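> Supplied in structure tokens, the structure appears directly below.
The values are calculated or read from the model by the stated rules, or taken from the named source; none is laboratory data. Not measured: the values here are computed from a predicted model. Note that we place each Cβ from the backbone using ideal geometry, even for glycine, and neighbour counts take in every protein chain shown. Surface accessibility is based on the protein's heavy atoms, side chains included, excluding ligands, DNA and RNA. Shrake-Rupley method; radii C 1.70, N 1.55, O 1.52, S 1.80 Å.
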Amino acid sequence: MWVLWALLRGRGNPLRRATDRREAWIALGALLLLVVGAPAAGWAGGAVADAALQRSVRAQHEERHPVEAVVVGPAGRERFAGDPEGGVERAAHTWVVASWEAPDGGPRTGEVATASRPGPPGSPVRIWTDAAGHPVPPPMDGSTARTHAVLGGIGTFLLAAVCVEAGRRLVVGRMARRRYARLDREWAEAGPDWGRAGTGG
């Protein structure tokens, strides 16, 4: 509303410059983009991210399968958050040596991560493997993917809003510099005659 008030205020004022009207129109356009364009960009960005993440979720669930393994013993070494072989998600898991059966029926043994506290050797533990029987992280669930998509949409909205405001400031700044340059030229032209009698000043 303040932008409309700025546009309508002083319409008949002879001191109101054309640049003032242009700056008010630019402010109105920026406000409309912030109110309509930025949310639309955020919604579109979130929708695109959600579609891509849901496809990834479906692909992961098709490629990864839960397998019942048997605990052989504790892992030979500890893995921390900074371990390049263990990501942030794996850092919170417990690592054990387990044995399981690959899809081709062959036995497999190796270090695997489990979110639950494993029992003693010989106790069952659930792991995830790929088509070749190699241990892999659990697939992402749909709710986690949707949460990431919402965060992506919020990030897109904020980025669009920052771009709109930066564009407005850039355009208004250029207009102000041009106005000051024109005033400097006009002052330089009128300067030599300033205060002289008969100059019409």
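> Can you run down the residue pairs with Cβ atoms below 6 Å, 6 or more apart or on separate chains, where the first is in the stretch 113-139 and under 22 Å from V57 (Cα atoms) and the partner is in a strand (DSSP E or B) and of a type in the set (D, E, K, R)?
G133/R108
> Do you know which residues across the stretch 149-176 are farther than 14 Å from L33 by Cα and in contact with a Leu (Cβ under 6 Å, 6 or more places away or on another chain)?
A149 - this is the single residue of the stretch 149-176 that is farther than 14 Å from L33 by Cα and in contact with a Leu (Cβ under 6 Å, 6 or more places away or on another chain).
> Additional query: With respect to A98, determine if the residue is in contact with a Ser or Thr (Cβ under 8 Å, 6 or more places away or on another chain), open to solvent by less than 80 Å² (accessible area, probe 1.4 Å), in a helix (DSSP H, G or I) and touching a residue at least 24 places away in the same chain (Cβ under 8 Å).
So A98 fails the test.
> Taking R126 as the residue in question, decide whether it is open to solvent by 80 Å² or more (accessible area, probe 1.4 Å), more than 30 Å from P39 (Cβ to Cβ) and outside any loop (DSSP other than H, G, I, E, B).
yes
> Could you grab me the full set of residues in the stretch 72-84 that are assigned to a loop (DSSP other than H, G, I, E, B) and either modelled with pLDDT of 65 or more or open to solvent by 40 Å² or more (accessible area, probe 1.4 Å) (or both)?
The answer is A75, G76, R77, E78, R79, F80, A81, G82, P84.
> Regarding the stretch 51-71, can at least one residue be identified that is open to solvent by less than 70 Å² (accessible area, probe 1.4 Å), part of a loop (DSSP other than H, G, I, E, B) and either at pLDDT below 90 or hydrophobic (A, V, I, L, M, F, W, C) (or both)?
Scanning the stretch 51-71 turns up no residue that is open to solvent by less than 70 Å² (accessible area, probe 1.4 Å), part of a loop (DSSP other than H, G, I, E, B) and either at pLDDT below 90 or hydrophobic (A, V, I, L, M, F, W, C) (or both).
> What are the residues in the stretch 132-160 that are open to solvent by less than 50 Å² (accessible area, probe 1.4 Å), at negative phi and in contact with a Pro (Cβ under 9 Å, 6 or more places away or on another chain), if any?
Listed by number, the residues that qualify are A132, A160.
> R21: at pLDDT below 85, open to solvent by 30 Å² or more (accessible area, probe 1.4 Å) and at negative phi, yes or no?
yes
> Of the conditions (1) under 30 Å from S143 (Cβ atoms); (2) part of a helix (DSSP H, G or I); (3) at pLDDT 85 or above, A30 fails just one. Which one is it?
Of (1) under 30 Å from S143 (Cβ atoms); (2) part of a helix (DSSP H, G or I); (3) at pLDDT 85 or above, only one is false for A30: (1).
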